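Here the structure is laid out as structure tokens; the discussion comes afterwards.
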Amino acid sequence: MEKKIKYGNMFAFYGKLLTEKQYEMLYHYYMNDFSMVEIAENMKISRQAVYDAVKKSNKALESYEKKLGLYDKFKSISIYSNSIIEISESVLEKEHNEENRNQINEIVALAMEINKVNDN
């Protein structure tokens, strides 16, 4: 399951670099959670053809990720921004100075904005 999530996320980054057919198959496979049999029926091809195309497309996604590293950067940004939010919220619980609390709230808001941008 974790592998499917990873490839689904890489598809979100690099899907438009695939051929139209590869994109369509992976879109149904990762985004709509269709089985290979369902994809084969919808596209009127064999299940083996879908399997081969998904395998080949995944290799292409891996190649793009190796060269560009966008998925890894996305994961790192998410981890760091979530850590900023957690640490800031922990400090807020202990902080009594109103000016500092306001600044920490601004930090939390900015980190949440980073997460929103990173999720799109």
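Nothing in this text is a laboratory measurement; each read-out follows from the coordinates by a stated rule. Because the structure is predicted, anything quoted here is derived from the model rather than measured. No Cβ is skipped: glycine too gets one built from the backbone with ideal geometry, and neighbour counts run over all protein chains shown.
Computed about the Cα centre, the dipole magnitude for region 73-119 is approximately 320 debye when only Lys and Arg (+1) and Asp and Glu (-1) carry charge, each at its Cβ.
Listed values for region 42-51 are Karplus-derived 3J(HN,Hα) couplings in whole Hz (6.51 cos²θ - 1.76 cosθ + 1.60, θ = phi - 60°), namely 5, 9, 6, 9, 6, 4, 5, 5, 5, 4, and x replaces Gly and Pro. Normalise the Debye intensity by I(0) for the chain, one equal point scatterer per Cα, no solvent, then take log10 at q = 0.11, 0.22 Å⁻¹ and round to two decimals. Once normalised to I(0) and log-transformed, intensities are -0.52, -1.14. Projecting the alpha carbon convex hull of region 73-119 along each direction and taking the average yields 2.9 nm².
Specify whether the C-alpha gyration tensor of region 2-68 places it in the rounded, prolate or oblate class, a ≥ b ≥ c being the square roots of the eigenvalues: rounded for a/c under 1.5, otherwise prolate if a/b is larger than b/c and oblate if not. It comes out prolate by the Cα gyration axes. Helix 2-14 and the longest principal axis of the C-alpha atoms of the chain enclose an angle of approximately 90°. Packing order of peptides 7-20, 78-91, highest average first: 7-20, 78-91 (average count of other Cβ atoms within 10 Å over each peptide's residues).
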